[in-house]
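First up is the structure itself, then whatever we jot down about it.
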């Protein structure tokens, strides 16, 4: 079991540590509901240093990225980031990721912790172009400072104007006394803020200064459990739950990051055909009408009791005080406002298909 550089700090702050994707991670500190509300209303800091980072360099780096990902990375300019996914050659998804253009001919790929080895091997297997690849996952830490007060709370730590960094843009700049950090206006919560990339040797200093600068704004450490409720309220996919090697980007509602206009990418023909013919199932969002909390793999039925799909993610929404979920259903049963039934303890519990995001600011 790997330990985060900040492991001792998390334990000292009351973090309840659990195994997660090969790391010991804080699942919660004060409690999921309190931590969730902190991020929605003020500012919280997550240690998500388990995520993977690959640096791709060289004149053909963009060609390799274009081949293995669905989005059009050629549109990136220096200082911009892009959400994308990697098809697996069979119509499924190897991983979803964020691609950063650091400088000309250099890109940073940020991947899910559970998929680091799989992603590295997959990209390497397609690197017939002589692209220099470095796996920086064990050398870098990542702090997500999220919430509506994040800009104001962190401004004293950098000489650049944090408010000027647009969504899915980033700066390589000074932060918390460290000269070269990546300050990225990205995150997984829907409440704004930043993700800070720094070396493991620097993260203790950065973390201490973040907590110090944010103290008067009510900053608190946030665990994995609130990260999950926050992302689910926004309808953001979680790899291993809502997307995986058996789900296509089009089934998962990721057509917006699948760009058929670009020259070629893995599974382009398969996905183009799927788009033309229409998918047989879709990822839908639903709110519970009757009492009950949906959980991963619960069956979804129609009014006649026929199985039409399954739940991929579900929780009680701390912001809205209702149970919500994502799941796949057959396309003919995916219409907005349709009533569906979630099988909870062998009983069909009524729900309704709704539009994302669940949480409206």
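Among 277, 233, 195, 251, which is surrounded by fewer than 20 Cβ atoms within 10 Å (Cβ to Cβ) and either under 23 Å from the mean Cα position of the chain (by Cα) or farther than 26 Å from residue 115 by Cβ (or both)?
None of the other options fit; the residue is 277.
Counting only residues that are in contact with a helix residue (DSSP H, G or I) (Cβ under 6 Å, 6 or more places away or on another chain) and either at pLDDT below 95 or in a strand (DSSP E or B) (or both), how many does segment 86-96 have?
Matching residues across segment 86-96 total 3.
So for segment 202-223 (the condition being on the phi > 0 side of the Ramachandran plot and either part of a loop (DSSP other than H, G, I, E, B) or modelled with pLDDT under 95 (or both)), does at least one residue qualify?
Yes, the conditions are met somewhere in segment 202-223.
In segment 347-356, is there at least one residue being surrounded by fewer than 18 Cβ atoms within 10 Å (Cβ to Cβ) and touching a helix residue (DSSP H, G or I) at 6+ places or on another chain (Cβ under 8 Å)?
yes
Say whether the condition of being in contact with a strand residue (DSSP E or B) (Cβ under 8 Å, 6 or more places away or on another chain), within 17 Å of residue 92 (Cα to Cα), at pLDDT 95 or above and in a strand (DSSP E or B) is met by at least one residue in segment 289-301.
There is no residue in segment 289-301 that is in contact with a strand residue (DSSP E or B) (Cβ under 8 Å, 6 or more places away or on another chain), within 17 Å of residue 92 (Cα to Cα), at pLDDT 95 or above and in a strand (DSSP E or B).
Can you go through 124, 128, 114 and tell me which one is touching a residue at least 60 places away in the same chain (Cβ under 8 Å) and either in a loop (DSSP other than H, G, I, E, B) or not assigned by TED's automatic domain parsing to the domain that holds residue 180 (or both)?
Unique residue meeting the criteria: 114.
Taking segment 1-47 as the region of interest, how many residues are touching a strand residue (DSSP E or B) at 6+ places or on another chain (Cβ under 7 Å) and not in a strand (DSSP E or B)?
The qualifying residues number 16.
Here's a check for you: in segment 56-71, which residue that is touching a strand residue (DSSP E or B) at 6+ places or on another chain (Cβ under 9 Å) and part of a loop (DSSP other than H, G, I, E, B) is surrounded by the fewest Cβ atoms within 10 Å (Cβ to Cβ)?
Out of the qualifying residues, it is 58.
Can you tell me how many residues in segment 131-173 are under 15 Å from residue 196 (Cβ atoms), within 24 Å of the chain's Cα centre (by Cα) and without any contact (Cβ under 8 Å) to a residue 40 or more places away in the chain?
So the answer is 3.
Looking only at segment 252-284, count how many residues are in contact (Cβ under 8 Å) with a residue 24 or more places away in the chain and more than 14 Å from residue 84 (Cβ to Cβ).
Final tally of qualifying residues: 14.
Among the residues of segment 198-214, is there at least one that is under 16 Å from residue 81 (Cα atoms) and crowded, with 21+ Cβ neighbours inside 10 Å?
no
The values are calculated or read from the model by the stated rules, or taken from the named source; none is laboratory data. These figures come from a predicted structure and were not determined experimentally. Don't worry about glycine lacking a Cβ; one is built from the backbone with ideal geometry, like all the others, and counts go over all protein chains shown.
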